[in-house]
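The values are calculated or read from the model by the stated rules, or taken from the named source; none is laboratory data. Predicted model, so just to flag it, every value in this text is computed and none were measured. Glycine also receives a Cβ, built like all others from the backbone with ideal geometry; neighbour counts cover every protein chain displayed.
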Amino acid sequence: MSDANNLPENNAPAEMPPVAPPSIIRISSRTAITLLLFTLAFTALMATIYFATKDDIDASARAEKMKLIDEVLPKTFYDNDLLADNIALPPIPALGLADDSAVFRARKEGKPVALVIEAAAPDGYSGRIGLLLAVDADGRLIAMRVTDHKETPGLGDYIDPRKDKNKASPWIGQFNNKRLDEVPLDQWKVKKDGGIFDARAGATISARAVTNAGGRAMAWIAPRREQLFALPVNAKFEE
């Protein structure tokens with residue numbers, strides 16, 4: 001007998017894997033191509049919509065930002081493009097900010113007028129209270145406003161002048177025109193804590209948080225005003 005007839009079973013030729021019928025291959029290929037074309041078309045459509053609406057979205061965001069700024073800094077104070085004249089801030093714990101933010105710089109006839117800067121009180125009754133301050137070139141607090149909060153409606157939300165029932169003399173207006181050299185930091189407290197600022201009965205926590213945060217922000221800004229004004233546009237401030 002030949003050697004070929006005596007090969008052991010484990011040396012038998014390996015079986016070939018089954019080959020998919022041509023019809024299945026064609027269907028799979030068509031499906032893959034269809035999905036690819038659909039993905040490309042959808043991506044192109046989304047890109048078209050984005051670029052078509054980008055200007056409107058940017059204009060809306062700019063208008064919302066200016067609406068907030070107008071509450072603390074009247075347009076008559078400056079003549080530059082306030083939103084364009086900005087610098088970036090890293091997270092600043094003294095301002096209560098855990099994320100990057102921006103400082104907007106108001107000028108009139110090229111001279112520094114005011115800084116518009118964000119801050120936050122992390123310890124409101126219901127959590128974080130966002131703030132916006134306008135501080136003039138001499139360190140005077142022109143105005144401060146609450147930008148966002150979750151304080152109790154009808155109780156602690158009087159910190160926001162839009163919610164304050166006293167429209168003639170809103171609570172937050174008492175901070176206007178205050179300076180650190182006239183009101184030292186240890187006096188930036190509600191009267192209940194030994195400071196000079198009023199709080200309304202039954203809702204002291206909200207007022208305390210805003211008052212303390214305002215004082216900390218003023219203390220941080222005071223020694224840095226000149227540096228903040230002097231940095232090039234779009235520069236990032238560093239301690």
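Points to keep in mind about this one:
- Odd one out for A168, checked against (1) surrounded by fewer than 21 Cβ atoms within 10 Å (Cβ to Cβ); (2) in contact (Cβ under 8 Å) with a residue 40 or more places away in the chain; (3) more than 19 Å from the chain's Cα centre (by Cα): (2)
- Among residues of the stretch 134-159 that are over 18 Å from E226 (Cβ atoms), those with a Cβ under 6 angstrom from a residue that is in a loop (DSSP other than H, G, I, E, B) and of a type in the set (S, T, N, Q), sequence gap 6+ or separate chain, pair up as A143/N176; K150/S126; E151/S126.
- Looking across the stretch 225-239, the residues that are loosely packed, with under 15 Cβ neighbours inside 10 Å and part of a helix (DSSP H, G or I) come down to E226, Q227, A230.
- Positions within the stretch 87-103 being crowded, with 18+ Cβ neighbours inside 10 Å and in contact (Cβ under 8 Å) with a residue 60 or more places away in the chain, in sequence order: I87, L89, I92, L95, G96, V103
- The single residue among R140, R179, R216 that is at negative phi, of a type outside the set (F, W, Y) and surrounded by fewer than 17 Cβ atoms within 10 Å (Cβ to Cβ) turns out to be R179.
- Every pair of residues 6+ apart whose Cβ atoms lie under 7 Å, when the first sits in the stretch 210-225 and is in the same structural domain as V190 (by TED's automatic domain parsing) while the second is in a helix (DSSP H, G or I): V210/I159; G214/F175; G215/L185; R216/A94; A217/L95; A219/L185; W220/A94; W220/L95
- Among the residues of the stretch 189-209, those identified as touching a helix residue (DSSP H, G or I) at 6+ places or on another chain (Cβ under 9 Å) and either outside any helix (DSSP H, G or I) or not assigned by TED's automatic domain parsing to the domain that holds V113 (or both) are K189, V190, G194, G195, I196, F197, D198, A199, R200, A203.
- Subset of the stretch 143-160 that is assigned to a loop (DSSP other than H, G, I, E, B) and within 21 Å of the chain's Cα centre (by Cα) - its residue that is surrounded by the fewest Cβ atoms within 10 Å (Cβ to Cβ): K150
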